[in-house]
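Quick notes on the structure that follows.
The values are calculated or read from the model by the stated rules, or taken from the named source; none is laboratory data. Everything quoted here is computed from the prediction, not taken from an experiment. Reconstructed Cβ throughout: ideal geometry from the backbone, glycine too, with neighbour counts over all protein chains shown.
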Amino acid sequence: MTKKPSAIFFDAVGTLLKPATPVDETYHLYGLKHGSAISKDSIRKRFYESFKKEELKDVSLDCKTNEARECERWESIVSECFPDLKSTAPLFNDLFKYFSNPSAWELYPGTIPVLKHLENIGINWGIASNFDLRLQSIVKSKVKLSNCKWLIISSLIGYKKPSRHFFDHLQKSSGVSYERLLMVGDSPENDIRPAKELGMQTFEIKEGQSLEDLLQLLGR
């Protein structure tokens, strides 16, 4: 890192936050309650295939999004995970409500130490996420996350990562030049590559790596 960042943006899910219970387990449990016989292994496979399909659809839409599009995305994913149900609307409603509950999410072990360090050294930070309005209450409920200076949610600004419009919003919101912004995330395609293309500093959370490794980069 050539220059100390003036501000840092973190991706949310996969970087600061994770589901308290694995997604496939939650989907399987709720599926059983609604009469589905689809196995957990099948749900896991269908979920990731459908998720990728929806990501490609977003690219075809120039990464434009809003609350309606996010609901449509998750409705499609739930529908493809449970092909044995005549209607997945009631199941979708239950799952959407479940994942809006802050108790459905937990912080990664390295989150609190890193955010405490940033407070100690006086670096402002924010959250930059492909999510929807539900993230506001989730962040508000987590004491350390609620201290973020900026909360950028794709469905509320109209574009999602990796769109340049999303990253332009980070720069304008923070008032910091791209060169002095640091983007931290777990997705090479959504977080790291587009940030690098704009001249931002980046830190990728790779598999098996802890967020606390960022402290070495910051010169703790």
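Residues in the range 8-38 that are more than 19 Å from the chain's Cα centre (by Cα) and among the hydrophobic types (A, V, I, L, M, F, W, C): LEU29, LEU32, ALA37, ILE38. Screening the range 1-13 for residues that are at pLDDT 95 or above and β-branched (Val, Ile, Thr) and picking the one that is surrounded by the fewest Cβ atoms within 10 Å (Cβ to Cβ) gives VAL13. The test for being outside the structural domain of PHE51 (by TED's automatic domain parsing), in contact (Cβ under 8 Å) with a residue 12 or more places away in the chain and of a type in the set (Asp, Glu) does not hold for ASP94.
Search the range 82-99 for residues being among the polar types (S, T, N, Q) and out of contact with any Asp or Glu (no Cβ under 9 Å at 6 or more places or on another chain), and hand back the single one that is farthest from VAL143 (Cα to Cα).
Per the stated criteria, the residue is SER87.
Among what's in the range 121-137 and is closer than 17 Å to ALA68 by Cα and of a type outside the set (Gly, Ala, Ser), pick the residue that is surrounded by the fewest Cβ atoms within 10 Å (Cβ to Cβ).
Among those residues, the one meeting the criterion is LEU133.
Restrict the check to the range 185-198 and report whether at least one residue is more than 20 Å from LEU118 (Cα to Cα) and modelled with pLDDT under 95. No, the conditions are met nowhere in the range 185-198. Among the residues making up the range 199-220, a single one is surrounded by fewer than 17 Cβ atoms within 10 Å (Cβ to Cβ) and over 20 Å from PRO113 (Cα atoms): GLY199.
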